[in-house]
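**Q** One structure follows; several queries about it will come next.
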Amino acid sequence: MLKLKNYINGEWRSTSSEDVNVVINPANQEIIAYAPRSSKEETEEAIRAARVAFDSGIWSSKTTHERAAILNAIADKIDERAEELTVLETMDNGKRKDEAAFDIADAATCFRYYAGLILHPEGETYQVPDTVQSMVVKEPVGVAGLIVPWNFPLLMGVWKIAPALAAGNSIVYKPAELTPITTTKLFEIMEEVGIPKGVANLVMGRGSVVGQTIAESKDVDLVSFTGSTEVGREIMRAAAGNLKKISLELGGKSPNIVFADADLETAVDYGLFGIFFGSGQVCSSGSRILVEESIYDEYVARYVERAKNIKVGPGLQEGIDVGAIVSEGQMNSILEYIEIGKLEGATLATGGYRLTENGLDKGFFIAPTVFIDVTNDMRIVREEIFGPVVTIQKFSTEEEAIRLANDSDYGLAGAVFSNDGAKALRVIKQIRAGITWINYYHPTYVEAPWGGYKQSGIGRSLGKYGLDDFQEIKQINVQLNVQPINWFTS
Ligand code: NAD
């Protein structure tokens, strides 16, 4: 049993609150950890520690080589502890073990990427009068509040921590209550490799207390949030107090368009992977499949057949395809959406129920669920379900496919399947979304920016854009021939 502690100002601290968060393994409901539910005061203490550390320059004034060396050391330690972190992530989140292994490896890659990127600052100089040199430098924003969800517990955090630290900021980090374990291991690693006291602070607890305090604090210069669109709105309101910079990675309801000229086997395969990977608890999931009329029946038949054969089970069990749902609450919310879909008149082609046989009743598991005969006004087509539930719709023309795909409040991701390269590119360019694929689905690359249009967010993670979020831009103008301006007559 793990007893987790906050990490504030370089010290591991138990919470003074009696209110403890019991962390369970969603595959069997066994208690795996107790985590603090920190108070507003404890959160403020972490923010103060970050503020003092930032203002002292202890981290921001290190050379980029020194910071990069520390980030690389973090990456090495993550690799050394990869198996331990993978098992903990699987137990905490419920995902399939090899999915967790990818997350841990990606976390190390992300630290290495930003260690490299920070050594290549992108300065600019301008051609102004030749008596003046004008240039642009980038500086850390200051104290960064980082708030993350539970679906990729370590990786979503690292997408923020690595660029924030690379740029020289101090951080106050809040993991999701459901999945705090691997984050605490990362903070152990950061302590071991010598991140100075106060630069990296970890505070666990409720969103409404810890998250809200971070978002409201006048000592926090920037809040970088990944989570639901609903909470994203609250963060935006709370951040207005001191007009802190915000970056929001929010929800999605992403279209996956299949044209009749697509390679059908590939389109079906990625159609399944697009939604059932991570039990559909992935922001970029392809939860709305749109299929051209002439191949619709065949696509649905093949898709449903394969969906029925997906093996759902505990993440640590060999041979499973899809793991658990993260919590009872999330499972009930998904089951509720399934009922809504039925009431709305959609046809349930397969799934639609909780799995309880072969010991699965101990955990939270849902059968891969496919709805057909749906229309764009249905809630199951419009709202993010965040579970293993997909809708398959028919379209007859390219224009209709684009119209249906874009008829959404979200704009996170999308895909097109077609063997006509020009058409695929033409259509993808008209999809109002920030992350898109042609003839496949889901992979992301640390070099490429990640984020959404419309209500899917503001700003971009990863790549050089992910670093930009954590940097201020300053212009410096230097007069080369030092002399007065002589503007006034006397
Ligand atoms: P959530 O919005 O409920 O919670 C996210 C985090 O915010 C948690 O740490 C939570 O404790 C905290 N929080 C809750 N209320 C808060 C408040 N009032 N002030 C400050 N913080 C608060 O989301 P979730 O259920 O943990 O995660 C699922 C959501 O995350 C989905 O909508 C999914 O699409 C989204 N997501 C988006 C991306 C992306 O890159 N766009 C990636 C992963 C997940």
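**Q** How do 467, 316, 119 rank by accessible surface area computed with a 1.4 Å probe, from largest to smallest? Write out the running numbers ahead of the final one.
**A** Values: 467 15, 316 90, 119 65 Å².
Solvent-accessible surface, decreasing: 316, 119, 467.
**Q** Straight-line reach only, C-alpha to C-alpha below 23 angstrom: list the lysines that residue 185 could link to, leaving out same-chain residues fewer than 8 apart.
**A** Straight-distance partners of residue 185: 3, 5, 77, 95, 97, 160, 174, 197.
**Q** Another one. Considering only the other residues whose Cβ falls under 10 Å of the Cβ of residue 24, what net charge follows from Lys and Arg at +1 and Asp and Glu at -1?
**A** Working: positive: none; negative: 30, 92, 328.
Result for the neighbourhood of residue 24: -3.
**Q** Related question: Name the residues whose placed amide hydrogens come within less than 5 Å of the amide hydrogen of residue 257, ignoring near sequence neighbours (fewer than 5 apart) on the same chain.
**A** Long-range HN contacts for residue 257: 290, 415, 416, 417.
**Q** Within 10 Å, Cβ to Cβ, of residue 245, how many net charges do the neighbouring residues add up to if Lys/Arg are +1 and Asp/Glu are -1? If you can, show how the numbers build up before the last one.
**A** Working: positive: 244; negative: 221, 469, 472.
Once positives and negatives cancel, what remains is -2.
**Q** Relative contact order of the chain: what whole-number percent is it, with Cα pairs under 8 angstrom and at least 6 residues apart? Before the final figure, lay out each step's value.
**A** Values: 1135 pairs, mean separation 88.8, N = 490.
Relative contact order, the chain: 18 percent.
**Q** Suppose the chain between residue 206 and residue 475 were pulled fully straight at 0.36 nm per residue; how much longer would it get relative to their current alpha carbon spacing? Can you show the working numbers first?
**A** Details: separation 269, 0.36 × 269 = 96.84 nm, distance 3.98 nm.
Gain on stretching residue 206 to residue 475: 92.9 nm.
**Q** Determine the sum of side-chain charges near residue 469: Lys and Arg each +1, Asp and Glu each -1, restricted to other residues whose C-beta is under 13 angstrom from that of residue 469. Mind showing how you got there, number by number?
**A** Details: positive: 138, 160, 244, 245, 460, 464; negative: 221, 249, 468, 472.
Net of charged neighbours comes to +2.
**Q** Taking 8 Å as the Cα distance limit and 6 or more residues as the minimum spacing, I'd like the relative contact order of the range 255-438 as a percentage. Mind dumping the intermediate values first?
**A** Numbers: 342 pairs, mean separation 51.5, N = 184.
It comes to 28 percent, rounded to a whole number.
**Q** Can I ask one more? Tell me, what % of the accessible area of the range 257-318 is carbon and sulfur with a 1.4 angstrom probe? Working shown, then result.
**A** Numbers: 1130 of 2450 Å².
Its accessible area is 46 percent carbon and sulfur atoms.
**Q** Can I ask one more? When only the heavy atoms of the protein chains count and the probe is 1.4 Å, how do 302, 51 rank by accessible area, highest first? Before the final figure, lay out each step's value.
**A** Working: 302 100, 51 40 Å².
My answer, sorted largest first, is 302, 51.
**Q** Subtract the Cα-Cα distance of residue 298 and residue 17 from 0.36 nm times their separation in residues, and report this length gain in nm to one decimal. The partial results should precede the final answer.
**A** Numbers: separation 281, 0.36 × 281 = 101.16 nm, distance 5.78 nm.
Gain on extension, residue 298 to residue 17, equals 95.4 nm.
**Q** Apply the Debye scattering formula to the chain, with a single equal point scatterer on each alpha-carbon and no solvent, then give log10 I(q)/I(0) at q = 0.07, 0.12, 0.13 Å⁻¹.
**A** Computed log10 I(q)/I(0) values: -0.40, -1.06, -1.21.
**Q** Now, a different point. Can you give the calculated 222 nm mean residue ellipticity of the chain, where each DSSP H run of n ≥ 4 adds -39,500 (n - 2.57) and the sum is split over every residue, rounded to the nearest 500 deg cm²/dmol?
**A** Per the formula, -11500 deg cm²/dmol.
**Q** A further question follows. Between residue 98 and residue 65, what is the FRET efficiency for a Förster distance of 30 Å, r being their Cβ-Cβ separation, to the nearest 0.05?
**A** 0.25
**Q** Mind ordering 273-285, 446-458, 348-360 by average Cβ neighbours within 10 Å, highest first? Display every interim value, and only then the final one.
**A** Working: 273-285: 25.6, 446-458: 20.2, 348-360: 15.2.
Averaged packing, sorted descending, gives the order 273-285, 446-458, 348-360.
**Q** A further question on this structure: Can you tell me how the range 255-438 classifies by the Cα gyration tensor, rounded, prolate or oblate, using a/c under 1.5 as the rounded cut? Intermediate values should be presented prior to the final figure.
**A** Working: a/c = 1.83, a/b = 1.63, b/c = 1.12.
Since a/c reaches 1.5 and a/b is larger than b/c, the shape of the range 255-438 is classed as prolate.
**Q** Can you pull the percent of the range 369-490's accessible area that's carbon plus sulfur, 1.4 Å probe, other chains left in place?
**A** Values: 3180 of 6200 Å².
Looking at the range 369-490 in its full context, I get 51 percent from C and S.
**Q** Ok, one more. May I ask you to order 141-150, 60-69 by the average number of other C-beta atoms within 10 Å around their residues, highest value first?
**A** Numbers: 141-150: 26.3, 60-69: 14.4.
My ranking of the peptides, most packed first, is 141-150, 60-69.
**Q** Where in the range 35-54 is the amide nitrogen less than 17 Å from a point lying 7 Å along the Cα-to-Cβ axis of residue 3?
**A** Under 17 Å, as judged by backbone N against the label point of residue 3, lie 35-38 of the range 35-54.
**Q** If you don't mind, another one. Between residue 122 and residue 52, 0.36 nm times their residue separation minus their Cα-Cα distance comes to what? Present the calculation step by step, with values, prior to reporting the outcome.
**A** Working: separation 70, 0.36 × 70 = 25.20 nm, distance 2.79 nm.
That works out to 22.4 nm of additional length.
**Q** Place +1 on the Cβ of every Lys and Arg and -1 on the Cβ of every Asp and Glu in the range 255-438, take the dipole about the Cα centre, and give the residue among 391, 299, 283 whose Cα lies farthest towards its positive end.
**A** 283
**Q** Also: Counting only heavy atoms of the protein chains, get the accessible area per residue of the chain (1.4 Å probe) and round it to a whole Å² value. Numbers along the way, then the final one.
**A** Numbers: 20590 Å² over 490 residues.
With the other protein chains kept in place, the chain gives 42 Å² per residue.
**Q** Also, quick follow-up: Using a 1.4 Å probe, how large is the accessible area of residue 410, given in Å² and rounded to the nearest 10?
**A** Answer for residue 410: close to 40 Å² accessible.
**Q** Something else now. Might you work out the accessible area of residue 408 for me, using a 1.4 Å probe with all protein chains in place, and round it to the nearest 10 Å²?
**A** About 20 Å², rounded to the nearest 10.
**Q** Among 120-128, 191-199, how do they line up from the highest to the lowest mean number of other beta-carbon atoms within 10 Å? Intermediate values should be presented prior to the final figure.
**A** On the way: 120-128: 10.0, 191-199: 17.3.
Put in order of decreasing packing, that is 191-199, 120-128.
**Q** Need the list of aspartates and glutamates near residue 362 for cross-linking: C-alpha distance under 14 angstrom, and skip anything on the same chain fewer than eight residues off.
**A** Those aspartates and glutamates meeting the cut-off are 30, 328.
**Q** Moving to a separate point now. Within the range 217-317, how many Lys pairs that are eight or more residues apart, or on different chains, come under 25 Å at the alpha-carbon? Write out the running numbers ahead of the final one.
**A** Values: 218/244; 218/245; 253/308; 253/311.
Qualifying lysine pairs in the range 217-317: 4.
The values are calculated or read from the model by the stated rules, or taken from the named source; none is laboratory data. Values in this document were obtained by computation on a predicted structure and should not be read as measured data. In this analysis, Cβ positions are derived from the backbone assuming ideal geometry, glycine residues included, and neighbour counts consider all displayed protein chains. The area values use the complete protein model at the heavy-atom level, side chains included, leaving out ligands, DNA and RNA. Shrake-Rupley method; radii C 1.70, N 1.55, O 1.52, S 1.80 Å.
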